[in-house]
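Q: Have a look at this one before I ask anything.
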Amino acid sequence: MGRRRKETVEFRFYDVPEDCHVLALLGEKWIRVYGQDVSSLHFHNLMEIGYCRFGNGTLILDQKRCRYENSMLSIIPANYPHTTVSAKKEDYWEYLFFDPEYFIKQMYPVNLKKQREMLDIVTRNADLLRESEYPSITMNVKNIMEELRNKKMCYENQVELLIKVLLIDIIRIHSEYKEDLDNNIDLCSLTQVVPAIDYVDANYARNIKVKELAFICGMSETHFRRVFEENINMPPMEYVNLVRIQKACELMTKTDYSMDVIAAECGYQTTSTFNRNFKKYLDTSPYQWKINPNNYTSKLKNFKISALKGW
């Protein structure tokens, strides 16, 4: 028998606001039946924190199926395949998205070793926690959500402080897991290539070669290509270009740089190569996208992996 075809995994990316660096998905919009029209797992470019206000169903974390119900908290690192499936009726989840590295660098500004150690612990596991068993961290998440919902004076500063407390709570929980590995959620197969994904995100402007990504992951180039494509459903350089186009969209939204500058900032040696790759993913030119990005953002796509803007 032939090897079973690996299911498609969607890449859903978010931009965080510049004021407090935390994106909140809150309110009645998120009362819905989850997962009924979704046949694949997805992963994000940011850490996801979810709180179930009411409902029940299944949270799929890579190959592990976890039952959720009212007052449960999910903690899912970036690049971790997952999805939420309601048990027929509507559920009410609210979410926070942020980059833990941004805050950890503030917590340990001159200690690079400590930054990496803490980031590794924070992103070590995916969790589904009961509020009754973890009341402190759950209350902190709810407080962050209320700060972002109400946006009172100086809420940005309060949110940044609470996020740092949240990260310390996660570090403590994951450190406890280290003492009892049998209780851990299994690390997904995607983690084999996560070092390459992280490297691309930080170095997309460089002239990246597949052989250096393979070296970072401790694999031969041939083995790395196979493992990467099995997990991400696209070749490594296709993924590099996908990230570069995503970053180009961010630059066009936030700056007035010329297309030549944006192309160079995103790792393209010529503007014509940038234009060609941009059109491949978004079916339009960078100039047309800049005029009205809302018309084209949802079209960001690839052959086997669906790259979607948020939900």
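Q: Nearest 10 degrees, 0 to 90: what angle lies between the long axis of helix 221-232 and the longest principal axis of the chain (Cα atoms)?
A: Value to nearest ten degrees: 60.
Q: Hey, another quick one. Quickly rank 20-27, 146-153, 198-205 as a protection proxy: mean count of other C-beta atoms within 10 Å, highest first.
A: 20-27, 198-205, 146-153
Q: Okay, next question. With angles folded into 0 to 90 degrees, how steeply does helix 194-203 sit against the dominant principal axis of the chain? Use alpha carbons for both and round to 10.
A: 60 degrees
Q: For region 9-183, just list the percent of Cα-Cα distances falling in each 5 Å bin from zero outward, please.
A: 1, 8, 17, 21, 22, 16, 9, 4, 1, 0
Q: Using only alpha carbon pairs under 8 Å that are at least six residues apart, calculate the relative contact order of the chain and give it in whole percent.
A: 18 percent
Q: Could you give the length gained on full extension between LYS279 and PHE54, defined as 0.36 nm per residue of separation minus the Cα-Cα distance, in nm?
A: Full extension of this stretch gives 76.8 nm more.
Q: Among MET219, LEU282, ILE245, flag the residue with its Cα farthest along the positive direction of the charge dipole of region 193-309, charges on Cβ as +1 for Lys/Arg and -1 for Asp/Glu.
A: Farthest towards the positive pole: LEU282.
Q: Dipole of region 193-309, Cα-centred, from +1 at each Lys and Arg C-beta and -1 at each Asp and Glu C-beta, to the nearest 20 debye?
A: Rounded to the nearest 20 debye, it is 300 debye.
Q: Further question: Please list 75-83, 272-280, 217-225 highest first by mean number of surrounding beta-carbon atoms within 10 Å per residue.
A: Working: 75-83: 22.2, 272-280: 17.0, 217-225: 15.1.
Ranked by mean Cβ neighbours within 10 Å, highest first: 75-83, 272-280, 217-225.
Q: Let me ask you something else. What is the calculated FRET efficiency for TYR287 to ASP15, with r their C-beta to C-beta distance and R₀ = 22 Å, to the nearest 0.05?
A: Working: r = 21 Å, r/R0 = 0.94.
Once the sixth-power term is evaluated, E becomes 0.60.
Q: Which of ILE137, TYR102, GLN63 sits farthest toward the positive end of the charge dipole of region 47-141, with +1 on the Cβ of Lys and Arg and -1 on the Cβ of Asp and Glu?
A: Most positive-ward Cα: GLN63.
Q: Would you mind checking the tilt of helix 236-254 against the longest principal axis of the Cα atoms of the chain, expressed as 0 to 90 degrees and rounded to 10?
A: 80 degrees
Q: Given +1 on the Cβ of Lys and Arg, -1 on the Cβ of Asp and Glu, and no further charges, what dipole in debye does region 9-183 carry about its Cα centre, rounded to the nearest 20?
A: Here the size comes out at about 120 debye.
Q: Something else now. Please tell me the relative contact order of region 9-183 in percent, rounded to the nearest whole number, where contacts are Cα pairs under 8 Å and at least six residues apart.
A: Normalised by residue count, the contact order of region 9-183 is 24 percent.
Q: For ASP120 and GLU230 in the same chain, what is the full-extension length gain: residue separation times 0.36 nm, less their Cα-Cα distance, in nm?
A: 37.2 nm
Q: Just subtract the alpha-carbon distance of LYS105 and SER258 from 0.36 nm times their residue separation and send over the number in nm, one decimal. Don't skip to the end; give the middle numbers.
A: Details: separation 153, 0.36 × 153 = 55.08 nm, distance 3.08 nm.
Using 0.36 nm per residue and subtracting the Cα-Cα distance, I get 52.0 nm.
Q: Over the Cα atoms of the chain, what Rg and Dmax result, in angstrom?
A: Radius of gyration, then largest Cα-Cα span, for the chain: 19.8, 63 Å.
Q: Take the cross-link list LYS113/LYS211; LYS209/LYS280; LYS247/LYS279; LYS64/LYS88; LYS64/LYS164; LYS247/LYS280 and give me the ones stretching past 23 Å between alpha-carbons.
A: Pairs exceeding the cut-off: LYS113/LYS211; LYS64/LYS164.
Q: Hey, any idea what Rg/Rh is for region 193-309, computing Rh the Kirkwood way over Cα pairs?
A: Ratio value, two decimals: 0.98.
Q: Which loop-located GluC sites (Glu not before Pro) does region 8-67 contain, where loop means any DSSP state but H, G, I, E or B and the Cβ has at most 10 other Cβ atoms within 10 Å?
A: GLU18
Q: Here's a follow-up. Pop the C-beta distance of THR271 and ASN207 into the FRET formula with R0 = 22 Å and round what comes out to the nearest 0.05.
A: 0.85
None of the figures in this text is laboratory data; all of them are computed from the coordinates on show. Remember, it's a predicted structure, so these values are computed and weren't measured experimentally. Glycine gets a Cβ as well: all are built from the backbone with ideal geometry, and neighbour counts include every protein chain shown.
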